[in-house]
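Derivation of every value follows stated rules applied to the coordinates shown; laboratory data play no part. Keep in mind it's a predicted model, so treat the numbers as computed, not measured. Quick reminder, even Gly has a Cβ in these numbers, built from the backbone with ideal geometry, and neighbours come from all protein chains shown.
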Amino acid sequence: MAEEKKQYVLYEYLMYFWSKKIWFLIIPIITALIIASAIYVVRHSGQRYTGEARVYTGGVNSQDLTDTTNIAAKYPDADVFVSEKGQVKFTVNGKTQGEVQSKLDKITNN
């Protein structure tokens, strides 16, 4: 009987993958970096600033100071909410922090 050489297929596969081990490290790292940078760009590309100001109207029952539609007509750039406690909350959105701050300053000064 001739002695046959046994083939160990698993060993050959392991040797092949061990010789290519650098690719098994580089490809997942590069893929993770690409996905992380894409998520960062998507989240920060449409960044908007939001500002909020509260104005206390006190015990004034004037329709101009307590009616939401009247206040919203006067300040179309802001979302207006009038609470029962005599406070008016203005919410303003803008592209930059300075833009939001100037809109809020104008509203609170008026």
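For this structure, a couple of remarks:
- CD proxy at 222 nm, helix term only [per DSSP H run n ≥ 4: -39500 (n - 2.57); per residue of the chain; nearest 500]: -17000 deg cm²/dmol
- Dipole orientation for the chain: of the candidates 102, 58, 8, 8 has the Cα lying most toward the positive pole (charges on Cβ; Lys, Arg +1; Asp, Glu -1).
- Protection proxy ranking, highest mean first, for peptides 32-45, 66-79: 66-79, 32-45, where packing is the per-residue count of other beta-carbon atoms within 10 Å, averaged.
- For peptides 89-102, 11-24, sequence by mean Cβ density within 10 Å, most packed first: 89-102, 11-24
- Mean separation of Cα contacts under 8 Å (6+ apart) over length of the chain, as relative contact order %: 25 percent
- Percentage, to the nearest whole number, of Cα pairs in the chain over 22 Å apart: 62 percent
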